1. For the range 11-86, report the % of Cα-Cα distances exceeding 19 Å.
2. What does the charge count around Gly68 come to, taking other residues whose C-beta lies under 14 Å from its C-beta (Lys +1, Arg +1, Asp -1, Glu -1)?
3. Given H placed on each backbone N at 1.01 Å, which residues far from Arg107 in sequence or on other chains put an amide H within less than 5 Å of it?
Amino acid sequence: MELAREEMARAADVGVTIVSVADGAYPPRLKEIYDPLAILYVRGEVAILTRPGIAVVGTRHPTPYGSGMAERLACDLAAQGLVIISGMARGVDTASHRGAISAKGKRWRFSARASTSSTPKTTRASPNRFSSSAGLSFPNFLGEPLPRRKTSRFATAS
């Protein structure tokens, strides 16, 4: 129990909300996957987790055409009110977030590990720092990185 209290305090110190699978704010579609995560660490607007959205996934090394299309598609979908859901890697993930930002839309940013940083190293140089929307981190504890896995929960959740 003490460990849980420490984790909650650590999360609060870095502006993170802990959402459990039993919480009404937990994404309903994520509950439907096999073995849903017990908790999510959320930085940003928790209310968007239950809004309709669409996942945009792709390569870290798209062609200029692919990057442009990912951005345009995300922009158009965000303008229609869908939440854009993607990872935090360079390439298609970054392009989809740029599109959502240009439409002033909402987005989720998924990370396969918990972090006290709101911006991944690969996108820190980006002019849009992705700080205006909810970002999700899959849990272990904030102070300890998740172990590497052959199959990530990120792929399952997408």
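Here, each number is a calculation from the coordinates, and none is a lab measurement. Since the structure is predicted, the reported quantities are computational estimates derived from the model, not experimental observations. Reconstructed Cβ throughout: ideal geometry from the backbone, glycine too, with neighbour counts over all protein chains shown.
1. Working: 1416 of 2850 pairs.
When all Cα pairs of the range 11-86 are counted, 50 percent exceed 19 Å.
2. Net of charged neighbours comes to 0.
3. Hits under the 5 Å cutoff: Ile84, Ala134.
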